[in-house]
Amino acid sequence: MKKIISVLTAGVLAFSLTACGKKSDDSNTIKIAYLPITHSLAVLETADELAAQTGLQVELVKYGSWTELTDALNSGRVDGASVLIELAMKSKEQGIGIKAVALGHKDGNVIITSSDITSAEDLKGKTIAIPHRQSSHNILLNDALATAGLTIDDINVTELAPTEMPSALAGGQIDGYCVAEPFGAKAVSLGAGKVLFTSEELWEDSLCCGLVLTDTFIENHSEDAKTFVKSYKQAGQNLTKEQAMETATKYLNQDEDVLELSLQWISYDDLEITEENYSTLTEKVKAYGLSENPPSYADFVKNDFE
Ligand code: ZN
C-alpha cells in the first residue's frame, strides 16, 4: 500500500512540476541540515531568498544535536549542512564524500563564565562545558587557557547540549562554557554569566561552522550546487544586523534581547574559506589534539563555484 501511495505522489509531483515548466525529477530541491542557532542564519536566509528568486528550493531539515545532524550528513540523508567545521573535517577524514564550500559565519563565539572568574588564570581547576570535542569551542577554550600558560589538563572539560548550558551555569554545575550562539548571550541575559573572552580576542578570523555539500550532490547537480553556493554567499552579504534579527526571529524561537546581544558578536559577509585561515585551523586542530591528520585544503575545500 505504501508503495502505491508513493508512486501516486511521485506522479502528481511530476505532473505539477512539469505543469509549471520545471524539471520532473527532484533535482531542483536541495536538502540542507541545520541547528537552530545564529551560526546557521546564512543558510536560513538563503532558503528564503532562493525560493523567491529561482526555481531551486532549499528544504531545511532541522536537527536537535550535532550528533544527529552529522549522522544525517554522513549517511547521505541530506545534500549538505551548516555544521561545525571540525566535525565535517572528521567525517572527511573517515572517508565521507563531502566538501566545505563556504564558512557558516565569522567570529560569533564567546567564553561565558560565572562572575567570580575574572581572568584566564581563574579557570584553573574549574569545570567548563563545550558542545563537542570536535569544535572551535574546544579550540577557543584551549586558546584562552594558553594566554595564562595553562592547558586543558588544568581544568575539567565536560560535553553538554548547548540548550542545557545556561541553566547548568546558573545552577552552579559548571563554571563556564563556550558554545554556538545564542546560548552564550542567554546566560548574560539571565544574569547567570558574563563574557570572559570573545572569539576574536583569542583567534583572529576564527573558523567555526562551515557550509558543506556532499560530493554526490555536487557531481549529480553541479548547476544547482553552483546556484546554491553563489546565493548563499550573497545571502551572507545581505545579513545586515537588521536582516539577521528578522531571520533569527523567524527561525530560532529565542527572546529578542538574547538575539540582539548575540548578533553583536557575529557577521556573515565574505564567507570564503581562505587557505591561510584553514591552515591556522589545521595547526590548532593538531596542536590541541582534535585530530592528528586533518584533511588538506585541496581535498576538503571547494572554492571554484564562481
Ligand atoms: Zn559556528
(message) For a Förster distance of 30 Å, can you work out the FRET efficiency between the beta-carbons of Glu159 and Ala298, rounded to the nearest 0.05?
(response) 0.45
(message) List the residues, sorted by chain then number, that are 5 or more residues from Asn156 or on another chain and whose placed amide H is less than 5 Å from its amide H.
(response) Gly125, Lys126, Thr127, Ile128
(request) Report, in debye and to the nearest 20, how large the dipole of the stretch 58-198 comes out about its Cα centre when Lys and Arg carry +1 and Asp and Glu carry -1 on their Cβ. (result) 280 debye
(message) Let's test the formula: R0 of 35 Å, r as the Cβ-Cβ distance of Lys226 and Thr118. What FRET efficiency results, to the nearest 0.05?
(response) 0.10
(message) Using amide H atoms built in the peptide plane, which far-off residues or other-chain residues are under 5 Å from Glu59 H to H?
(response) Ile30, Lys31, Ile32
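Just how large is the dipole of the chain about the Cα centre, in debye to the nearest 20, putting +1 at every Lys and Arg Cβ and -1 at every Asp and Glu Cβ? It would help to have the intermediate numbers written out before the result.
On the way: 24 positive and 46 negative charges, 236 e Å.
Value, rounded to 20: 1140 debye.
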(request) Can you give me the three principal axis dimensions of the chain from its C-alpha atoms, in Å, biggest first? (result) 65, 41, 41
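How much accessible area per residue does the chain have, in Å², with a 1.4 Å probe? Don't skip to the end; give the middle numbers.
Working: 13660 Å² over 306 residues.
The answer is 45 Å² per residue.
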(message) Given the DSSP H assignment, sum -39500 (n - 2.57) over each helix run of at least 4 residues in the chain and divide by its residue total; what's the result at 222 nm in deg cm²/dmol, nearest 500?
(response) -13000 deg cm²/dmol
(request) Just report the Cα centroid separation between the stretch 27-69 and the stretch 105-139, whole Å. (result) 28 Å
(message) Among Asn303, Gly184, Leu145, whose Cα projects farthest towards the positive end of the dipole of the chain, with charges put on the beta-carbon of Lys, Arg (+1) and Asp, Glu (-1)?
(response) Asn303
(message) In the stretch 161-285, if the dipole is taken from +1 on Lys/Arg beta carbons and -1 on Asp/Glu beta carbons about the Cα centre, which of Thr198, Thr216, Pro162 is farthest to the positive end?
(response) Pro162
(message) Can you tell me what percent of all Cα-Cα pairs in the stretch 91-244 are more than 20 Å apart?
(response) 55 percent
(request) May I ask you to derive the relative contact order of the stretch 62-193, considering only C-alpha pairs under 8 Å and at least 6 residues apart, and to give it as an integer percent? (result) 27 percent
(message) Spelling out what I want: for every residue of the stretch 100-108, take phi, set θ = phi - 60°, compute 6.51 cos²θ - 1.76 cosθ + 1.60 (Karplus), and round to whole Hz; glycine and proline get x.
(response) 8, 10, 6, 7, x, 5, 10, 6, x
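Take the alpha carbon atoms of the stretch 205-306, find their radius of gyration, then divide it by 2.2 N^0.38 Å using N residues; give the quotient. The partial results should precede the final answer.
Numbers: Rg = 16.3 Å, N = 102, 2.2 N^0.38 = 12.8 Å.
With N residues counted in the stretch 205-306, Rg over 2.2 N^0.38 Å equals 1.28.
Rank by packing, highest mean first: peptides 33-46, 145-158, with packing defined as the count of other Cβ atoms within 10 Å averaged across residues.
Numbers: 33-46: 25.9, 145-158: 14.3.
In decreasing order of mean packing, 33-46, 145-158 become 33-46, 145-158.
Please give the charge dipole size of the stretch 195-306, origin at the Cα centre, charges +1 on K and R Cβ atoms and -1 on D and E Cβ atoms. Round to the nearest 20 debye.
Details: 8 positive and 24 negative charges, 50 e Å.
Charge dipole of the stretch 195-306: 240 debye, to the nearest 20.
Below 26 Å Cα-Cα, how many Lys pairs turn up in the stretch 37-175? Only count pairs eight or more apart in sequence, or on different chains, if you could.
Numbers: Lys62/Lys90; Lys62/Lys92; Lys62/Lys99; Lys62/Lys106; Lys90/Lys99; Lys90/Lys106; Lys92/Lys106.
Taking the stretch 37-175 as the scope, the lysine pair count is 7.
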(message) Could you work out what % of the accessible surface of the chain is carbon and sulfur, using a 1.4 angstrom probe and leaving DNA, RNA and ligands out of the count?
(response) 48 percent
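Please compute the alpha carbon radius of gyration of the stretch 189-259, then divide it by the globular-protein estimate 2.2 N^0.38 Å. Two decimals is fine. Don't skip to the end; give the middle numbers.
Working: Rg = 17.0 Å, N = 71, 2.2 N^0.38 = 11.1 Å.
Relative to the 2.2 N^0.38 Å estimate, the stretch 189-259 comes out at 1.53.
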(request) Would you mind checking the tilt of helix 275-287 against the longest principal axis of the Cα atoms of the chain, expressed as 0 to 90 degrees and rounded to 10? (result) 50 degrees
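The values are calculated or read from the model by the stated rules, or taken from the named source; none is laboratory data. Nothing here was measured: the structure is a model prediction, and the numbers come from that model. Every residue, glycine as well, gets a Cβ built from its backbone with ideal geometry; the counts of neighbours run over all protein chains shown. Accessible surface is based on the protein model in full, side chains and every heavy atom, while ligands, DNA and RNA are left aside. Shrake-Rupley method; radii C 1.70, N 1.55, O 1.52, S 1.80 Å.
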